[in-house]
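Right, one structure below, let's go through it.
The values are calculated or read from the model by the stated rules, or taken from the named source; none is laboratory data. Since we're looking at a predicted model, the values are computed, not measured. Here Cβ is always computed from backbone atoms with ideal geometry, including for glycine, and neighbour counts include all displayed protein chains.
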Amino acid sequence: MSADLPLDDLRRHGHEVVDYLVDYLARVEGLPVLPAVTPGEIKGLLPPSPPLTGESMDVVLADLDRIIVPGLTHWNHPGFFGYFAVTGSGPGILADALAAAFNNIAMMWRTSPAATELEEVTLDWLRQMLGLPAAFEGVIYDTASMASLCAMAAAREVATDSAARQYGLAVGARLRLYTSEHAHASIEKAAITLGIGLAGVKKIPTDAEFRMDPDALARAIAEDRAEGWRPFCVVATVGTTSMSSIDPIPAIADLCAREALWLHVDAAYGGAAAVVPELRWVLDGCDRADSLVVNPHKWLFVPMDCSALFTPRLDVLRQAFSLVPSYLQFAQMDEVRNFMDYGPQLGRRFRALKLWFVFRAFGVDGLAERIRNHVAWAQEFAAWVDKSPRFERLAPTPLSLVCFRAVRDDFNEGDLNKLNEHLLDAVNRRGRVFLSHTKLGNRYALRLAIGNLRTTLAHVRLTWDELNAALDELNPG
Ligand SMILES: *Cc1c(COP(=O)(O)O)cnc(C)c1O
C-alpha cells in the first residue's frame, strides 16, 4: 500500500480531472442552472457509512459524475443571475489547485514567507485598483461576514479601551452599532457573535432610493447618548444586497468623525466597481473609513473564498486579536507580518495565490472592461424593463443589479406579489437562466444580478425573452 496516491496515478487522474473540469465549463451552459433534485435525493445515493478500505479514484470520479454533479447548482453557468453572480475563473481555478498541492498554512511569515508577502503585495495592488489611500493595509478573510466581524471587533476594542478583550462584554456595556435597514444580515450575526447583541444594532431608515439617511443616523446617535447607550460603530454599505443602493459615505464619514465612531464600509459586492475608472465614485468618501471590505470572490472573478478587508488602523485589529503562544514564536516575528494576528483564525488558506493569478491573467484594464460590460448590460436590461408596459423597475440600477417586477393594471399589490412569485418560479423552472428575489417594502421584486465572466449580452437578452415567454403563459391574452 502506498501512503498517498502513487504519483503516476496522481498524474493520470490529475489529467482526467483537468479534462473533466474544462469539459464541465464547456458544457455547463447546456445544464439547467438549478438541479432537478428533491431534498434528500443526493443523500439517498450515498452510502450511510464510510468505506472501510480504500477505493480507486476511478470509482470515485465516476461517482462524482453520477451523484454530485447532477445535484449542483451551477454558479459557473452564464445564465446564473441570482443573489450576486460570481465566477470561478480559469486562472483562479488553477491557483486553487496549486494552493492545495502546496498546502501552505498562511498563519505567520515563517509558516509561509511567500504566502504572507504575496498577500501583502496583492492586497496593495487591489488597494491601488480601488483608489484607496496608501495608509490602507489589507487582510484576506474567508468571507465578508468574517471580515466585517473582525472590523466590528476592532471598533469594540477602541470603544471599550480593550476592556472587552480582557473582561468580555459584561451585561450592561450597552454598545450600539448603526447600520441601514438594508444592511447585510452578516452585520447582525457579527453583533450576536461579539456579544453586542441584536439589541445593540440600530437600523437606520433609508431614503426613497434605499440609502441610509444621515440625519436619521445623527438623531439616533443623539437619542442613544441621552439614554445611556455607547455608540461605537457605523456600518455603511456600498451596494446593498437587496438592491445595490449606495449609502452616502461622505456625510456618514463626517458624522463618524464628529462623534468619534468607527466607520466600517461593507462594499462586498459594489466595491469591485471602483476598478472601473468612471465608476470609482462608488467609493467616494471611503478614504475616510476605518475599515472597508470588498469580496474578490464576488465580482472580481476569484473562486470562493476570498474577502479583502482594508484598514488604516491595522494596529487596532492586531491589538484586538493578537495572542501568540510560545510554540508559535520565532526570531523575526516582530519584523514581519503574521496574518494570524488579525482575527480568530490560526490556520489560513493560501488565498493570495488566486488573487495573483487572476490579477495577472486579466490585468487591471481587463478586469475593468469585464465589470464595465456587466454594468452596461444591466443598464440595457433596465432600459427594456422601463420601456415595457408589462414590467416596471423597483429600484435604481447604479451597478449590475436590476430589481424589477411584472405589472398589470387590474391587479392589486397582493395579486402582483403572487404573479411575480409565480413568474420567478416559472422562469427558473425553465432552467436556462436563474434569478432570485427580494422584498422591497411589501413588494416582491425579481433580481437580475450580472457578474459571471461567461455571461454575454446574449444571455441577458435570453433572460428577457424567457421572462416575457413565462409571463405569456401566466397571463394568457
Ligand atoms: C454578499 C454580501 C455579503 C456577504 O458575503 P460573504 O462573503 O458571503 O460573507 C455581505 N455584505 C454584502 C453587501 C454582500 O453583498
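Checking each residue in the stretch 446-474 for being without any contact (Cβ under 8 Å) to a residue 40 or more places away in the chain and among the charged types (D, E, K, R) picks out R461, D465, E466, D472. With respect to being of a type in the set (S, T, Y), closer than 27 Å to A216 by Cβ and within 16 Å of the ligand (Cβ to nearest atom), T179 fits the description.
Quick one: in the stretch 217-242, of everything that is touching a His at 6+ places or on another chain (Cβ under 9 Å) and under 14 Å from D284 (Cα atoms), which residue is farthest from the ligand (Cβ to nearest atom)? This residue is A236. Scanning the stretch 410-420 finds no residues that are within 24 Å of the chain's Cα centre (by Cα) and at pLDDT 95 or above. Of everything in the stretch 92-151, what is among the β-branched types (V, I, T), within 16 Å of the ligand (Cβ to nearest atom) and outside any loop (DSSP other than H, G, I, E, B)? Give them in sequence order. Result: V139, I140.
Looking across the stretch 199-208, the residues that are among the hydrophobic types (A, V, I, L, M, F, W, C) and within 16 Å of A220 (Cα to Cα) come down to A199, V201, I204. Looking across the stretch 286-334, the residues that are in contact with an Asp or Glu (Cβ under 9 Å, 6 or more places away or on another chain) and small (G, A, S) come down to S307, A320, S322. Return the residues of the stretch 10-40 that are farther than 18 Å from I93 by Cβ, of a type in the set (V, I, T) and surrounded by 15 or more Cβ atoms within 10 Å (Cβ to Cβ); say none if nothing qualifies. Of everything in the stretch 10-40, just one residue is farther than 18 Å from I93 by Cβ, of a type in the set (V, I, T) and surrounded by 15 or more Cβ atoms within 10 Å (Cβ to Cβ), namely V33.
Among the residues of the stretch 274-293, what is the count of those that are in contact with a helix residue (DSSP H, G or I) (Cβ under 8 Å, 6 or more places away or on another chain), among the charged types (D, E, K, R) and within 19 Å of M152 (Cα to Cα)? The qualifying residues number 2.
Within the stretch 50-86, the set of residues being assigned to a loop (DSSP other than H, G, I, E, B), surrounded by 15 or more Cβ atoms within 10 Å (Cβ to Cβ) and in contact with a strand residue (DSSP E or B) (Cβ under 9 Å, 6 or more places away or on another chain) comprises H74, H77, G79, F81, G82, Y83, F84, A85, V86. Looking at this structure, is T237 in contact (Cβ under 8 Å) with a residue 24 or more places away in the chain, part of a strand (DSSP E or B) and either at positive phi or polar (S, T, N, Q) (or both)? Spelling it out, T237 is indeed in contact (Cβ under 8 Å) with a residue 24 or more places away in the chain, part of a strand (DSSP E or B) and either at positive phi or polar (S, T, N, Q) (or both).
Does L279 satisfy being in a strand (DSSP E or B), away from the ligand (no atom under 11 Å from the Cβ) and either touching a residue at least 12 places away in the same chain (Cβ under 8 Å) or in contact with a strand residue (DSSP E or B) (Cβ under 8 Å, 6 or more places away or on another chain) (or both)? It is false that L279 is in a strand (DSSP E or B), away from the ligand (no atom under 11 Å from the Cβ) and either touching a residue at least 12 places away in the same chain (Cβ under 8 Å) or in contact with a strand residue (DSSP E or B) (Cβ under 8 Å, 6 or more places away or on another chain) (or both). Among all positions in the stretch 67-84, there is no residue which is away from the ligand (no atom under 16 Å from the Cβ), in contact with a Pro (Cβ under 7 Å, 6 or more places away or on another chain) and closer than 30 Å to L283 by Cα.
Of all the numbered requirements in (1) touching a residue at least 60 places away in the same chain (Cβ under 8 Å); (2) buried (at least 23 other Cβ atoms within 10 Å of the Cβ); (3) under 16 Å from A289 (Cβ atoms), T179 misses one, and that requirement is (1). The number of residues in the stretch 243-259 that are outside any strand (DSSP E or B), more than 9 Å from the ligand (Cβ to nearest atom) and touching a residue at least 60 places away in the same chain (Cβ under 8 Å) comes to 3. Residues in the stretch 446-465: is at least one over 28 Å from the mean Cα position of the chain (by Cα) and modelled with pLDDT of 95 or more? Scanning the stretch 446-465 turns up at least one residue that is over 28 Å from the mean Cα position of the chain (by Cα) and modelled with pLDDT of 95 or more. Restricting attention to the stretch 282-329 and to residues that are among the charged types (D, E, K, R) and away from the ligand (no atom under 12 Å from the Cβ), the residue that is farthest from I140 (Cα to Cα) turns out to be D284.
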